[in-house]
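Take a look at the structure set out below.
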Amino acid sequence: MQDNIRIEKERKYWDKLTPRYEPFIEKYWKIYPSLLDKISEDVNSGDIVLDVATGSGLVALKVAEQAAQVYAVDISQPMIEEAEKKMMEKEIKNVEFSVEDAYKLPFDNDIFDTVICNNALHNMKYPENVLSEIKRVLKPGGLFIAIIVGVGESFKFKIALTISTLIGQLPVFHKLNLDEFADFITKSGFTVVKKERIKHPEDRMALLYAVAKRWAEK
């Protein structure tokens, strides 16, 4: 029952945000075009990729230029519909979108070469559960690319985003700096091979970018 409440609450929030999602990104994240290029460059040619919390599909459709096949999931039906609309307009054939809960991914174990989760883990109340699922579906030795907003890099932003979450404007449950973010990924069963802050001069907050590997269990 508690999980159903969480799912419904998350769906309602992201459904409502859908029309404003990309305008919001364009206004506040000038780094985004460079970010999409960066993610795509870290995906190997011919990879089978999963994009978790795809939103309106910006990452999935960019990565499709490199990957053999991309599966992209989001909890919001309107977000997925927007992503599919863009896919059809661009005549991209190697992306499959579906409405799914990231806490329970509908995929078998060990099937993806790369899993991406962009700008979402800090918005999830229990991201450790999502990371467990990501580890499950990722092949041993596969890449996990994760990006979050660097709220924890600034005390001012930690306070502002705490207030925002409390009044229901934007759910930001995890306010991490770069080292804390990397440690969190490591504790979830990955080995971080790259971590960095990325920021456009016009952006207020940096994004925290990490690439990790899932090693084979001993």
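Applying the criterion of being within 25 Å of Asn4 (Cβ to Cβ) and of a type in the set (Phe, Trp, Tyr) to the residues of the stretch 107-139, the residue that is farthest from the chain's Cα centre (by Cα) is Phe107.
Does Leu143 meet the test of being at pLDDT 95 or above, part of a strand (DSSP E or B) and buried (at least 16 other Cβ atoms within 10 Å of the Cβ)? I'd like the intermediate steps shown before the answer.
On the way: at pLDDT 95 or above: yes; part of a strand (DSSP E or B): yes; buried (at least 16 other Cβ atoms within 10 Å of the Cβ): yes.
The answer is yes for Leu143.
For the subset of the stretch 71-80 comprising residues that are touching a helix residue (DSSP H, G or I) at 6+ places or on another chain (Cβ under 7 Å) and part of a strand (DSSP E or B), which member is nearest to Glu8 (Cα to Cα)? That would be Asp74.
For the stretch 169-218, a residue qualifies if it is β-branched (Val, Ile, Thr) and over 25 Å from Leu17 (Cβ atoms), and the qualifying residues are Ile185, Thr186, Thr191, Val192, Val193, Val211.
Restricting attention to the stretch 67-102, and to residues there that are of a type in the set (Val, Ile, Thr) and in contact with a Gly (Cβ under 9 Å, 6 or more places away or on another chain), which single residue is farthest from Asn4 (Cα to Cα)?
Step one: of the stretch 67-102, the residues of a type in the set (Val, Ile, Thr) are 70, 73, 75, 80, 92, 95, 99.
Those left that are additionally in contact with a Gly (Cβ under 9 Å, 6 or more places away or on another chain): 80, 95.
Details: Ile80: 20, Val95: 28 Å.
Checking each candidate, the answer is Val95.
Please go through the stretch 22-70 and pick out each residue that is among the polar types (S, T, N, Q), part of a loop (DSSP other than H, G, I, E, B) and farther than 22 Å from Glu89 by Cβ.
Asn44, Ser45, listed by residue number.
Selection of the stretch 170-204 for residues being in contact with a Ser or Thr (Cβ under 7 Å, 6 or more places away or on another chain), hydrophobic (A, V, I, L, M, F, W, C) and farther than 21 Å from Ser40 by Cα yields Leu170, Val172, Phe173. If you go through the stretch 80-105 and pick out every residue that is under 27 Å from Thr186 (Cβ atoms), surrounded by fewer than 19 Cβ atoms within 10 Å (Cβ to Cβ) and not aromatic (Phe, Trp, Tyr), you end up with 2.
The values are calculated or read from the model by the stated rules, or taken from the named source; none is laboratory data. In this text, all values refer to a predicted model and were calculated from it rather than measured experimentally. When we count neighbours, we look across all protein chains shown, and the Cβ atoms used for this are built from the backbone with ideal geometry, even at glycine.
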